[in-house]
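Asks: To start, I am sharing the structure in question, which I have written as structure tokens.
Here, each number is a calculation from the coordinates, and none is a lab measurement. Just so it is clear, the model here is predicted, and its values are computed rather than measured. All Cβ positions, even for glycine, are placed from backbone atoms using ideal geometry, and neighbour counts span all protein chains on display.
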Amino acid sequence: MSENPHEHWRLRLMELLVALGISQRKFSDDTGIDPTYVSRLLYPKAKAGRKNLGLANMTAIRAAYKLSAGWFDLPLGAELPAKPGDEVGAAKRAKKVEPDSAYKAERIAQVVKAMEDMEPYQLDQAAKIIETLTEHTSHKNGTVG
């Protein structure tokens, strides 16, 4: 997990929305969390009005999507649920594979293919996740940009 648990949980929430291929509105309907609150949970760090994900909301989300008790604390990319009707994709994502150049090339191709089929709002969410992860990586490596 990253050094800040609230940021890690926010990234896990973003991953969940993208993995399920659902809108924030659908997510709100499924979990009972107010749609404006869901939006504020996804705000970047610097944006005013950002909210942190608390225990009550994590419990509601885990119940709605049948996630394990520690799901939010798992590493990014772990145990992502399948979109309805995509159980094969979920099984592939569940495999733990050591990153190497062939693996990275395959994963990049899979991500690009998946993004081609996304609705604009899903593409925006995916881009936010990638930007946040890239920001995290560049700070971790001592670079900026």
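Asks: In what sequence do Ile108, Ile61 fall when counting other Cβ within 10 Å, fewest first?
Replies: Ile108, Ile61
Asks: Residues in the range 45-73, backbone N under 15 Å from the label point at His6 (7 Å along the Cα-to-beta-carbon vector): list them, ranges by number please.
Replies: Only 45-58 fall inside the zone, counting backbone N under 15 Å.
Asks: Also: What is the calculated FRET efficiency for Arg25 to Ala64, with r their C-beta to C-beta distance and R₀ = 22 Å, to the nearest 0.05?
Replies: E(calc), rounded to 0.05, equals 0.95.
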